[in-house]
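Visitor: Here you go, one structure.
The values are calculated or read from the model by the stated rules, or taken from the named source; none is laboratory data. Keep in mind that this is a model prediction, so the values were computed, not measured. Counting neighbours? That spans all protein chains shown, and the Cβs are built from the backbone with ideal geometry, glycine included. In case anyone asks, the SASA skips ligands and DNA or RNA and just uses the protein heavy atoms, side chains included. Shrake-Rupley method; radii C 1.70, N 1.55, O 1.52, S 1.80 Å.
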Amino acid sequence: MPLDYPIAERTLANGLRVIVSEDHTVPNVTVNLWVNVGSRHEVEGRTGFAHLFEHLMFQGSRNVASGEHFSRLMAEGGRLNATTWFDRTNYFETVPKGAYELALWMEADRHGHLLDAINQANLDNQRDVVKEEKRQRYDNVPYGNALIDIYAAVFPKGHPYHHATIGSMDDLDAASLEDVHAFFRRYYGPNNTVLTLVGDLTAEEGFAAAERYFGDLPASAEPPRGPVDALEPLTEPVRDEHVEAVPSDRLHVAFRLPVDDTPEFFAASLAMDVLGGLATSRLHQRLVRREQVAHAVWAHAMGFVDGVSLGFIGLDVVEGHEPDDVEQAVCEELARLGEQGPTPVEMESALAQAERAWLSALASQEERADHISHRAMLQGSPGYINTFLDRLGEVTPEQVQQVAATWLRPESRVVVAYLKQDREGAAA
């Protein structure tokens, strides 16, 4: 049976796209906003700004005190947060129905009038918070900088995905108050934002409330730039080794993939599942269960919109075994998938896992709202949640084989290796 979540959409005069999906299961409303700005929009020397604004947006605005966004909505029984990624920044809260207009009023105040509260003290404070986050999440944990290293190795310098969302601390230190204000004025406006409401309200109630609180904001954001030129697969391997105090040798084997929301990306995503994304995957069965040279294997495809996506396989090597031998086994499985394609059982397993994950996500009101905002902003299709599984199911084993033979060749790999300091042959 096809999915049929209700989707209603309206665009306000100032460009704000408003999407409402009624769900009267529980008396809650999720308010989810996606702003079309992420780390891919940053320029060299000014990285980390998109993530910095995720923090600054909780420091108060014209009519809301610093920290009040959390305290007011949590006092109503709500939960809320925000995240930043390459392609977007999003803000979200789930509140009892009686508080959703409060949430909309507070969102509109900070999206329209944040700069009234962004002074040097707030900037300095949140700059320090971001630095501490980097220390905790990246610098002081094993393998913490792996993704930063992967992005830098897979995508060339100057490419929108070359630098991680956390950005450069030197760039943040160099940022002036005017730099920060200019970034907000450029990207934060209703004409660069999607607002999704999911929950216990009608479409007309949602549209009326959005007009009431956001309708007077000016269409202040500059038009977003278009995507950069597409990247082709690498033609020879790239290697980046780090000898550190890590628990075990770990390999990250990464690849460029086709751009998101295309049949080729869907096929690449299924290929990554067949290789390492399932308990029944080829690499798990071979390296973990049969040969017992890896403690764990995982794989994932990240869909991006700026001309390319990313896939990677991670492996923890069992002590006493050589990472080079494990890497060679990975290359053998890559070549085999490109030559022979997936088996019918592998295709069935990968599709079943994708369906389970998708339905599980949509069962959550919050995740459903996030998927609606995501696809409305980046693919222009808020109804994507109802059609994704049908489109994925159209992928053939031949397409998976073709994408593996084109994008997942051994010679197209990037290897970021973290090696133990005390392993034989490694530096002490």
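Visitor: Separation between the E44 and A13 pseudo-spin-labels, each 7 Å from Cα along Cα→Cβ, expressed in nm?
Guide: Label-label distance for E44 and A13, simple model: 4.4 nm.
Visitor: Further question: Using a Gaussian network for the chain with springs between C-alpha atoms less than 10 Å apart, which of these wobbles most: P410, P323, P224?
Guide: P224
Visitor: Could you tell me what percent of the DSSP beta bridges with both partners in the chain are antiparallel, to the nearest 5? Kindly include the intermediate steps, with their values, before the conclusion.
Guide: Numbers: 47 of 60 bridges.
About 80 percent, rounded to the nearest 5.
Visitor: Where the centre of each part is set by its Cα atoms, how far does the stretch 358-428 sit from the stretch 265-295, in angstrom?
Guide: Distance between centres, Cα-based: 14 Å.
Visitor: Using the charge dipole of the chain (Lys, Arg: +1 at Cβ; Asp, Glu: -1 at Cβ; taken about the Cα centre), state which of L362, L234, V345 has its Cα farthest towards the positive end.
Guide: Checked the options; the winner is L362.
Visitor: When the scattering of the stretch 1-53 is computed by the Debye formula from its Cα atoms alone, each counted once and equally, what is log10 I(q)/I(0) at q = 0.14, 0.16, 0.18, 0.28 Å⁻¹?
Guide: -0.65, -0.75, -0.83, -1.11
Visitor: Determine the sum of side-chain charges near V95: Lys and Arg each +1, Asp and Glu each -1, restricted to other residues whose C-beta is under 13 angstrom from that of V95. Write out the running numbers ahead of the final one.
Guide: Working: positive: R72, R79, K97; negative: E76, E93, E101, E107, D200, E366.
Local net charge: -3.
Visitor: Same structure, new question: Answer with one residue from H181, A254, M169: the one whose Cα lies farthest towards the positive end of the charge dipole of the chain, charges on Cβ with Lys, Arg +1 and Asp, Glu -1.
Guide: Toward the positive end, the furthest listed residue is H181.
Visitor: May I ask you to list the GluC sites (Glu not before Pro) in the stretch 1-107 that are in a DSSP loop and have at most 12 other Cβ atoms within 10 Å of their Cβ? Please report the intermediate quantities before stating the final value.
Guide: Details: sites: E9, E22, E42, E44, E54, E68, E76, E93, E101, E107; in loops: E42, E44, E76.
When the GluC sites (Glu not before Pro) of the stretch 1-107 are filtered for loop state and at most 12 Cβ neighbours within 10 Å, E44 remain.
Visitor: Across the stretch 267-392, what fraction of all alpha-carbon pairs, as a whole percent, falls in each successive 5 Å bin from zero upward?
Guide: 2, 10, 17, 19, 18, 13, 10, 7, 4, 1, 0
Visitor: Per residue, how much accessible surface does the stretch 293-411 expose to a 1.4 Å probe? Answer in Å², no decimals. Before the final figure, lay out each step's value.
Guide: Working: 4880 Å² over 119 residues.
Averaged over the residues of the stretch 293-411, the accessible area is 41 Å².
Visitor: Would you compute, from DSSP H runs of 4+ residues alone, the mean residue ellipticity of the chain at 222 nm, taking -39500 (n - 2.57) per run and dividing by the full residue count, rounded to the nearest 500? Spell out each step's value before the answer.
Guide: Values: 14 runs with 166 residues, N = 428.
Computed mean residue ellipticity for the chain: -12000 deg cm²/dmol.
Visitor: Give, rounded to the nearest 20 debye, the magnitude of the charge dipole that the stretch 1-93 has about its Cα centre when Lys and Arg contribute +1 at Cβ and Asp and Glu contribute -1 at Cβ.
Guide: Values: 8 positive and 11 negative charges, 57 e Å.
Around 280 debye, computed over the stretch 1-93.
Visitor: Let me ask another. Could you calculate the FRET efficiency of D128 with D390 from 1/(1 + (r/R0)^6), where r is the beta carbon distance between them and R0 is 56 Å, rounded to 0.05?
Guide: Working: r = 48 Å, r/R0 = 0.85.
So the FRET efficiency works out to roughly 0.70.
Visitor: Would you mind calculating the relative contact order of the stretch 54-135 from Cα pairs under 8 angstrom and at least 6 residues apart, reporting the percent as a whole number?
Guide: Values: 87 pairs, mean separation 29.6, N = 82.
RCO, the stretch 54-135: 36 percent.
Visitor: Could you give the accessible area per residue of the stretch 137-225, probe 1.4 Å, as a whole number in Å²? Could the numbers behind the result be given before it?
Guide: Values: 3700 Å² over 89 residues.
Averaged over the residues of the stretch 137-225, the accessible area is 42 Å².
Visitor: For the stretch 280-319, with all protein chains present and a 1.4 Å probe, just round the carbon and sulfur fraction of the accessible area to a whole percent.
Guide: The C+S portion of the solvent-accessible surface of the stretch 280-319 is 46 percent.
Visitor: Using a simple charge model, +1 on the beta-carbon of Lys and Arg, -1 on the beta-carbon of Asp and Glu, nothing else, what dipole does the chain show about its Cα centre, in debye to the nearest 20? Kindly include the intermediate steps, with their values, before the conclusion.
Guide: Numbers: 36 positive and 66 negative charges, 84 e Å.
With only Lys, Arg, Asp and Glu charged at Cβ, the dipole is about 400 debye.
Visitor: Below 8 Å, C-alpha to C-alpha, sequence gap of six or more: please give me the relative contact order for the stretch 353-398 in percent.
Guide: 26
Visitor: Relative contact order of the chain, please, whole-number percent, based on alpha carbon pairs below 8 angstrom and at least 6 residues apart. Walk me through the intermediate numbers first.
Guide: Numbers: 834 pairs, mean separation 91.2, N = 428.
The value is 21 percent.
Visitor: Further question: So how strong a dipole does the stretch 266-382 carry about its Cα centre when Lys and Arg Cβ are +1 and Asp and Glu Cβ are -1, to the nearest 20 debye? Walk me through the numbers on the way to the answer.
Guide: Values: 8 positive and 18 negative charges, 96 e Å.
Using Cβ point charges on Lys, Arg, Asp and Glu, the stretch 266-382 gives about 460 debye.
Visitor: What residues qualify as long-range amide H neighbours of F86, i.e. H under 5 Å apart, gap of 5 or more or another chain, H built at 1.01 Å from N?
Guide: Result for F86 returns S39.
Visitor: Hey, another quick one. Taking K420 as the anchor, which lysines have their alpha carbon closer than 29 Å to its alpha carbon, excluding any fewer than eight residues away along the same chain?
Guide: Result set, ordered by chain and number: K131, K134, K157.
Visitor: Please identify the longest segment of the chain free of exposed trypsin sites (Lys or Arg not before Pro), where exposed means a DSSP state other than H, G, I, E or B and no more than 16 other Cβ atoms within 10 Å. Please list the in-between numbers first.
Guide: Details: sites that count: R62, K157, R225.
Answer from the scan: 226-428.
Visitor: Now for a separate question. Quick check: at a probe of 1.4 Å, how many percent of the accessible area of the stretch 1-120 sits on carbon and sulfur atoms?
Guide: Working: 2400 of 4650 Å².
Roughly 52 percent of what the probe reaches on the stretch 1-120 is carbon or sulfur.
Visitor: Once you wrap a convex hull around the alpha carbon atoms of the chain, what is its projected area averaged over all directions, in nm²? Spell out each step's value before the answer.
Guide: Values: hull surface 84.5 nm².
Reported value for the Cα convex hull: 21.1 nm².
Visitor: What is the Cα centroid distance between the stretch 211-260 and the stretch 141-197, reported in whole angstrom?
Guide: Cα centroid to Cα centroid, the span is 10 Å.
Visitor: Keeping the other protein chains in place, figure out the carbon and sulfur percent of the accessible area of the stretch 166-229, with a 1.4 Å probe.
Guide: Details: 1430 of 2790 Å².
Here it works out to 51 percent.
Visitor: Next up: At 1.4 Å probe radius, can you tell me the per residue accessible area of the stretch 3-123 in Å²?
Guide: Numbers: 4430 Å² over 121 residues.
That works out to 37 Å² for each residue.
Visitor: What are the principal axis extents of the Cα atoms in the stretch 367-428, in Å, biggest first?
Guide: Principal-axis extents of the Cα atoms in the stretch 367-428, largest first: 55, 32, 16 Å.
Visitor: Test of understanding: express the Cα radius of gyration of the stretch 126-223 as a ratio to 2.2 N^0.38 Å, with N the residue count.
Guide: Values: Rg = 18.9 Å, N = 98, 2.2 N^0.38 = 12.6 Å.
So the stretch 126-223 has a normalised radius of gyration of 1.51.
Visitor: Only Cα pairs within less than 10 Å get springs; with that Gaussian network setup on the chain, which residue of F92, F155, F70 has the largest fluctuation?
Guide: F70
Visitor: OK, next. Given the options A208, A82, A369, which has the most mean-square fluctuation in a GNM of the chain, springs set between C-alpha atoms less than 10 angstrom apart?
Guide: A208
Visitor: Here is a further query. So for the chain, taking the charge dipole from beta-carbon charges (+1 Lys/Arg, -1 Asp/Glu), which of A405, N140, T11 sits furthest toward the positive end?
Guide: T11
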